[in-house]
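The values are calculated or read from the model by the stated rules, or taken from the named source; none is laboratory data. All of these numbers come straight from a predicted model, not from anything done at the bench. All Cβ positions, glycine included, derive from the backbone under ideal geometry; neighbour counts span all protein chains shown.
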Amino acid sequence: MTTFEAKSAELIRPGDFEAHRHWYPKALNATIHPMVNFFLNLTKERMVKRYCHMHPMVDSQKLEEILSYKCKYFLWGGADLLNVTSAGGKRQMVVIENNSCPSGQKSMPLVDDNQEQGSYRLLIERTFKPYLKNLRHKIKGGLAVVYDKNPMEVSGYAEVIADVMQEPVYYVSFDKRSTDPSVEFRDGVMYVRNEAGEWIPMRAAFRYVTQKPWNRLPLHSKTRILNPTIACLAGGRNKMVAAKAYDFYNAELAAFGLKINTPETIRDVSKNEVPLWVKKMGGQAVVKVPYSNAGQGVYTIVTEQELENFMKLEFEYDQFIVQSLVGNYNWSSTTSAGKLYHVGTIPNAKGHTFVADIRMMVSATEKGIRPLVTYARRAEMPLVDDFVPGTDSWSMLGTNLSIKKPDGSWDSDTNRLVLMDRRDFNKLGIGLDDLIEAYIQTVLSMVAIDKMAKTLINKQGKFRMKLFKSLNDDAGLIAEIKL
């Protein structure tokens, strides 16, 4: 593994914000699509009324209660959703995963041209700032933003926090490869190393640590961290526990006509069992390493060759998830619920349709969970009707824009970014009802994970390791957890 030379914390001061540093060039001057703007400004009551009109079996009172849910641990999330349909034409939004500390601000056109800090400021004002009220442990210390990737976006948060809180903010890298990081914990308090080499205590931190956050950020921290590590282990960065959280919550929701839509998911699968489950799904499936993100550790299997290639790989974890594959109708997984296949983008001038997913970022507010950001990403290659052996299925199905470079750093393939602006939005072939459904599915999955996080913390505020092991008995993962 490449080692990483850690820099000391950079001090960001109020007034440092410069918009051009925190948006992709194509998003900086984009004009938001009127329908997306309308969606983001819809009240909860109107959304509930519309959704229940379209889904008459849904209990409107229960849905309003869910959208008003007060999150305790998972306060800021971003779900990746697929717009799919069945052979009978039943369209739905399917949750692939919900991520704690999601990216997306740098891809979001301004909702109001007069608010140059956009939804960066919205998240800080309505979620981060209220989260710092009534700090139980009165730590005298500063504010930090810690990260391990995505500096374009994370530095934007640091500059906005400095403006909103009217105090300097320590902006510091906390990479898992670093042998001498500028972040450490002493008796549950986060300290960061400044440019003078001094260690400064932090009363709170906004974090964008996405790669195995539980091996650096302790579960029990006196410094208040958004999102706390428990949100990741309960499903925000742990697909295995997320799948169980969705199942438990779906059992509770069934009586109200609601459900988290997911692909058919087989959990706790050892590597040797993978071929059996792939065969059961008709030879097409998706295999996931449960604790990876940014498109890493996801394997789409459509042919025997792709299955063979997967079986030759070595992994540091013992358990996997196998999910039904959503592809073209002719080569999607066969499940008990039938086949689901991609709606895809509107065909381009060459007649090509591409797989696209939608990211819906939401955050906890005093009035419930509200939408913040939405954008889409398309696959590199067009979706074909007949799969030709030797073709790489990931190039047609993988939508994540993150690219891992040989030195271990990250870049993005912005050519495949689909903005919610006047130009790009129409290519997606979605409407207002699809956006409302994507938002409701995101909220349902977020509530499921927050409820799981609450279950994993006992009344004394301690992590219930025995219970966690019963849900996710993977020695490789458990050895990494920093209590």
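Comparison of Lys149, Lys133, Lys212, Lys222 shows that the only residue that is under 26 Å from Lys454 (Cβ atoms), in contact with a strand residue (DSSP E or B) (Cβ under 6 Å, 6 or more places away or on another chain) and modelled with pLDDT under 95 is Lys222. Within the set Phe463, Phe387, the sole residue that is in contact (Cβ under 8 Å) with a residue 40 or more places away in the chain and assigned by TED's automatic domain parsing to the domain that holds Gly78 turns out to be Phe387. Among the candidates Asp180, Asp163, Asp175, the residue that is part of a loop (DSSP other than H, G, I, E, B) and over 23 Å from Leu233 (Cβ atoms) is uniquely Asp180. Evaluation of Cys52 against the conditions (1) more than 20 Å from Val160 (Cβ to Cβ); (2) surrounded by 11 or more Cβ atoms within 10 Å (Cβ to Cβ); (3) in contact (Cβ under 8 Å) with a residue 24 or more places away in the chain shows that the sole unmet condition is (3).
Is one or more of the residues making up the stretch 464-482 modelled with pLDDT of 95 or more, surrounded by fewer than 19 Cβ atoms within 10 Å (Cβ to Cβ), closer than 24 Å to Ile66 by Cα and more than 18 Å from the chain's Cα centre (by Cα)? Looking through the stretch 464-482, none of the residues is modelled with pLDDT of 95 or more, surrounded by fewer than 19 Cβ atoms within 10 Å (Cβ to Cβ), closer than 24 Å to Ile66 by Cα and more than 18 Å from the chain's Cα centre (by Cα).
For Asp247, indicate whether it is farther than 14 Å from Leu477 by Cβ and acidic (Asp, Glu). For Asp247, the condition - farther than 14 Å from Leu477 by Cβ and acidic (Asp, Glu) - is met. Of the residues in the stretch 62-73, at least one is within 24 Å of Thr210 (Cβ to Cβ) and among the basic types (Lys, Arg).
Residues of the stretch 164-185 that are farther than 12 Å from Arg207 by Cα, at pLDDT 95 or above and either in contact with a helix residue (DSSP H, G or I) (Cβ under 8 Å, 6 or more places away or on another chain) or among the polar types (S, T, N, Q) (or both): Val164, Met165, Gln166, Pro168, Val169, Ser182. Cβ-Cβ distances below 6 Å connect the following pairs, each with a first residue in the stretch 306-323 that is on the phi < 0 side of the Ramachandran plot, a second residue that is surrounded by fewer than 21 Cβ atoms within 10 Å (Cβ to Cβ) and polar (S, T, N, Q), and a separation of six or more residues or different chains: Gln323/Thr265.
Residue-by-condition table, conditions (1) closer than 30 Å to Ser60 by Cβ; (2) of a type in the set (D, E, K, R):
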residue	(1), (2)
Lys244	yes, yes
Ile260	yes, no
Thr265	yes, no
Asn272	no, no
Pro290	no, no
Val302	no, no
Asn309	no, no
Lys312	no, yes
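Of all residues in the stretch 346-376, those that are more than 22 Å from Asn227 (Cβ to Cβ) and crowded, with 19+ Cβ neighbours inside 10 Å total 5. Among residues of the stretch 261-286 that are in the same structural domain as Gly398 (by TED's automatic domain parsing) and closer than 17 Å to Gly297 by Cα, those with a beta-carbon under 9 Å from a residue that is acidic (Asp, Glu) and at pLDDT below 95 at least six positions away or on a different chain give the pairs Asp268/Asp473; Asp268/Asp474; Ser270/Asp318; Lys271/Asp318. When Asn41, Asn29 are checked against the criterion of being surrounded by fewer than 20 Cβ atoms within 10 Å (Cβ to Cβ) and outside the structural domain of Val447 (by TED's automatic domain parsing), Asn29 stands alone in meeting it. Might you check whether a residue that is of a type in the set (Phe, Trp, Tyr), assigned to a strand (DSSP E or B) and in contact (Cβ under 8 Å) with a residue 60 or more places away in the chain occurs anywhere in the stretch 210-230? Within the stretch 210-230, not a single residue is of a type in the set (Phe, Trp, Tyr), assigned to a strand (DSSP E or B) and in contact (Cβ under 8 Å) with a residue 60 or more places away in the chain. Inside the stretch 216-257, residues that are over 15 Å from Tyr73 (Cα atoms), surrounded by fewer than 20 Cβ atoms within 10 Å (Cβ to Cβ) and either touching a Lys or Arg at 6+ places or on another chain (Cβ under 6 Å) or small (Gly, Ala, Ser) (or both) make up a count of 6. Among the candidates Leu143, Leu110, the residue that is at pLDDT 95 or above, more than 22 Å from the chain's Cα centre (by Cα) and outside any helix (DSSP H, G or I) is uniquely Leu143.
Check the stretch 362-378 and report whether any residue there is small (Gly, Ala, Ser), over 19 Å from Leu42 (Cα atoms) and at pLDDT below 95. No: zero hits.
Wholly within the stretch 406-483, which helices (runs of 4 or more DSSP H) include no fewer than the required count, namely at least 2 residues that are within 30 Å of Pro109 (Cα to Cα) and in contact with a helix residue (DSSP H, G or I) (Cβ under 8 Å, 6 or more places away or on another chain)? By residue number, 432-456. One residue is enough: does the stretch 251-274 have a residue meeting the conditions outside any loop (DSSP other than H, G, I, E, B), aliphatic (A, V, I, L, M) and touching a Ser or Thr at 6+ places or on another chain (Cβ under 7 Å)? No, the stretch 251-274 contains no residue that is outside any loop (DSSP other than H, G, I, E, B), aliphatic (A, V, I, L, M) and touching a Ser or Thr at 6+ places or on another chain (Cβ under 7 Å).
When Thr229, Thr262 are checked against the criterion of being among the polar types (S, T, N, Q) and under 17 Å from Gly461 (Cβ atoms), Thr229 stands alone in meeting it.
Report yes if Phe74 is outside any loop (DSSP other than H, G, I, E, B), surrounded by 14 or more Cβ atoms within 10 Å (Cβ to Cβ), of a type in the set (Phe, Trp, Tyr) and touching a strand residue (DSSP E or B) at 6+ places or on another chain (Cβ under 9 Å), otherwise no. No, not satisfied.
In this structure, is Ser100 farther than 29 Å from Leu253 by Cα, among the hydroxyl-bearing types (Ser, Thr, Tyr) and in contact (Cβ under 8 Å) with a residue 24 or more places away in the chain? Considered against the rule, which asks whether it is farther than 29 Å from Leu253 by Cα, among the hydroxyl-bearing types (Ser, Thr, Tyr) and in contact (Cβ under 8 Å) with a residue 24 or more places away in the chain, Ser100 comes out as no.
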